[in-house]
Each structure stands twice: as structure tokens, then as C-alpha cells.
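Please read through the structure below; I'll follow up with questions.
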Amino acid sequence: TASVTASASEVAANTEATADSDESHAEEKFEPTTMIMEHIADAHDWHLWGHTSLPLPVILYTDKGMEVFLSSQFHHGEHDYTGKHYTYRLVDKKKINIVAADGSIDEAATKNLWDFSITKNVASMFLSVIVLLIIFISVARAYKKREGKAPKGLQSFLEPLILFVRDDIARPNIGHRYAEFMPFLLTIFFFIWFNNLLGLIPIFPGAANVTGNIAVTFVLAFIVLIVVNINGNKYYWKHILTPDVPWWLYPIMIPVELVGVISKPFALMIRLFANITAGHIIILSLISLIFVFQSLAIAPVSIAFVLFMNVLELLVAALQAFIFTLLTALFIGMAIEEHH
């Protein structure tokens, strides 16, 4: 119920934000697509509730030097900001452009603009990394202090999860060298799981859609690609470059094997991105039905489906972390497997 209430209030706030009012304060028709896309997209400010948002640092590097200021200078994209070197404009609440003296976009200068801003997704990742560091450093200290004793407190909660990753993911798929990759697998599992949950917590207003961002899943998949192929042994590369087929099939099989090297992490990237994004879209779409039909009669049905989807998303949050980690361990195991 808390999740539905928080989500409904966010929809109501976005409904007001997307409706331009004239002097008579007339409201436009509610556009669910605009509201949903604003929720799942990244932003230069962190929306909390209603018209309240937390400004984030904007860090720009141009051909004339670096500019640093808060995103509140744009007033939600309604005004330009004049810095030391250029005047900047936030277009569609996403991309920052350089404005020429006549008020138009300076395309030439914008091409040399590098945006290193701390956006909502970046801030959420920093938050998740800090929380995970605090949790696991405290658990590691507890193991040192209570060596040989039964786990206690947070240590007792995390130990079954760590053992699950070790005994059901790493050891069966990697083999005797599983311990070398346990830190990597644990980092992936808890980072994905925590960020999946962070986007669903109702007491966390304007929760960021981190794992539903294709750039984040791309970097995770790229790291997996590097780890797998760096640790690949000679039998792994021999199977790719000289597959066990007649030599006249090499022109076909070698490209296929090389494509397979890329396609495996590519599948990890798309699976995580698509499942998390789809979940957010479905929940927001169900809530939007109340505002689209402008009737409370549909509210009980909409809320019932949203509650069901929220519970399902809790399962999906853990399931996607498990699948990503499991396939990563499987790919590592295939790369380091010795020839029998």
C-alpha cells in the first residue's frame, strides 16, 4: 500500500509538471507516455515529491575550461545559465547545449562540450556503493572479532546469501578455482540486487532507475567480457580460433565463435536492462489508468494489479541479480576449464 501511495503521488506530481498552465491555469490532458519516460530516464536533478527536487552538480568541460554549478540554475529547464565561458541550456531536461549570442544552439561549440555531471543515476550509484561498503566492511570486521563463533546481527543475515553465491553459483560453474572470482561475483550480485531494490523502495522518493539504464548494464557486461577473456586459457582460445571442425569450415566457424564472445555479455546487458525497465513501465502504466480515465471506480482494480506487480518486482530484483551472476560464473568456468 505504501508503494502504491508513493507511486500514485509521483504520478500526480508529474501530471501537474507536464501540464503547461496559461494565465487561467488551464491544464492540458494527462500524457502517461511523457510521465513514464521521465520516470525511467536519467535527469540532472533528483525529484523527491510534488515540485520539490534536489539539485545535482553539473560538471562541464569545454574548449575554454571547466564549468561547475548546480542544476537548479536551469530552473527545471525553464531558463538558461550564463557561466564563465558560455551560456548553457538544458534541452528536454536531459542534454545540455551551448547557446549562441542570438539565442540559438551553438552546434560547433556544443560538439566540444563534455558533460561529466553527477546525474540522478550516478548519484544513486554513489549512494549504493557507499551503503554496500559500509555493510560489508562492518561484516568483515565482525568476522575478525568473532572468529570461530556463530554469526550475529547483519553478519547472520548476509552469510546465507554469501554462501548461496559460493555454493550454488561459483563452485558448480567455475570449479576448483572458484575462490579467485568470489569477490567479483559477490560485487556483481549485491550491486545489481541492491540497485534493483533501491528503485522499488516507496520511502525513497524519486527512486532512480539505475539497472534500467542501458549505459549501466553495458558497463557491467563489458567488465564481464574483460574478466572472462583475460582469464581464458589456451584451450578456450584454441576452441575459438581453431575449432574442432574440418579446415574448410574455418571461414564460417571462426567468425561465429568470435561473435559468440561478444553475444554472451551482450545478452547479459539486454536481459537486465529490459526486465527492470519493463517492470517500471508496467507499474506506472497501471497507476496511470486512474488518471487517464479520471475515475475512482477503476482505482481498486488498478491498485490491486500494482500491488501484485510490486511483489513480483521484488522477486524479479533478486532473480535478475542471480541470473546475471550465474551466467557470469558460467562464462568464466567455460573460459578456464581445462582440456580433458
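If a residue must be more than 18 Å from residue 100 (Cα to Cα), outside any strand (DSSP E or B), open to solvent by less than 50 Å² (accessible area, probe 1.4 Å) and out of contact with any Pro (no Cβ under 6 Å at 6 or more places or on another chain), how many such residues does segment 48-86 contain?
Residues that pass the stated criteria total 2.
I'd like the residue in segment 145-184 that is out of contact with any Leu (no Cβ under 8 Å at 6 or more places or on another chain) and within 29 Å of residue 309 (Cβ to Cβ) and, out of all such residues, is surrounded by the most Cβ atoms within 10 Å (Cβ to Cβ).
Filtering first and then ranking leaves 158.
Moving on to the next point. Kindly indicate which of 189, 194 is under 25 Å from residue 48 (Cα atoms), at pLDDT 90 or above and either in contact with a helix residue (DSSP H, G or I) (Cβ under 8 Å, 6 or more places away or on another chain) or crowded, with 17+ Cβ neighbours inside 10 Å (or both). Before you say what the answer is, go through the steps one by one.
Working: 189 fails: under 25 Å from residue 48 (Cα atoms).
Result of the check over 189, 194: 194.
Let me spell it out: the conditions are (1) among the β-branched types (Val, Ile, Thr); (2) open to solvent by less than 70 Å² (accessible area, probe 1.4 Å); (3) under 24 Å from the mean Cα position of the chain (by Cα), and residue 298 meets all of them except one. Which number is the exception?
For residue 298, the failing item is (3).
For every residue, the table says whether it meets (1) at pLDDT 90 or above; (2) within 19 Å of the chain's Cα centre (by Cα); (3) in a helix (DSSP H, G or I).
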position	(1), (2), (3)
212	no, yes, no
222	yes, yes, yes
226	yes, no, yes
236	no, no, yes
251	no, no, yes
256	no, no, yes
282	no, yes, yes
290	no, no, yes
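Quick check: is even one residue across segment 261-277 modelled with pLDDT under 90 and open to solvent by 30 Å² or more (accessible area, probe 1.4 Å)?
No, that holds for no residue.
Is there any pair with a first residue in segment 308-332 that is under 23 Å from residue 224 (Cβ atoms) and a second that is open to solvent by 20 Å² or more (accessible area, probe 1.4 Å) and outside any helix (DSSP H, G or I) whose Cβ atoms are under 7 Å apart and which are 6 or more apart or on different chains, and what are they?
317/200; 332/231
Could you list, in sequence order, all residues of segment 205-228 that are out of contact with any strand residue (DSSP E or B) (no Cβ under 6 Å at 6 or more places or on another chain), of a type outside the set (Gly, Ala, Ser) and open to solvent by less than 50 Å² (accessible area, probe 1.4 Å)?
Of everything in segment 205-228, those that are out of contact with any strand residue (DSSP E or B) (no Cβ under 6 Å at 6 or more places or on another chain), of a type outside the set (Gly, Ala, Ser) and open to solvent by less than 50 Å² (accessible area, probe 1.4 Å) turn out to be 209, 210, 211, 213, 216, 217, 220, 224, 225, 227, 228.
Give all pairs with beta carbons closer than 8 Å in which a residue from segment 126-150 that is farther than 13 Å from residue 190 by Cα meets a residue that is at pLDDT 90 or above and in a helix (DSSP H, G or I); count only pairs at least 6 apart in sequence or on separate chains.
Cβ pairs passing all conditions: 139/158.
Would you please list the contacts, defined by Cβ atoms under 9 Å and residues six or more apart or on different chains, that run from a residue in segment 100-125 that is of a type in the set (Lys, Arg) and surrounded by fewer than 12 Cβ atoms within 10 Å (Cβ to Cβ) to a residue that is modelled with pLDDT of 85 or more and assigned to a helix (DSSP H, G or I)?
Close Cβ pairs (under 9 Å, with a partner that is modelled with pLDDT of 85 or more and assigned to a helix (DSSP H, G or I)) do not exist here.
Residue by residue through segment 18-47, note down the ones that are at pLDDT 75 or above, under 18 Å from residue 91 (Cα atoms) and either assigned to a loop (DSSP other than H, G, I, E, B) or basic (Lys, Arg) (or both).
Hits for segment 18-47 are 41, 42, 43, 44.
The values are calculated or read from the model by the stated rules, or taken from the named source; none is laboratory data. Note that the structure is predicted; figures quoted are calculated from it, not measured. Cβ sites come from the backbone with ideal geometry, for glycine too, and all protein chains shown count toward neighbours. When the accessible area is computed, the model is the full protein with side chains, heavy atoms only, and any ligands, DNA or RNA have been set aside. Shrake-Rupley method; radii C 1.70, N 1.55, O 1.52, S 1.80 Å.
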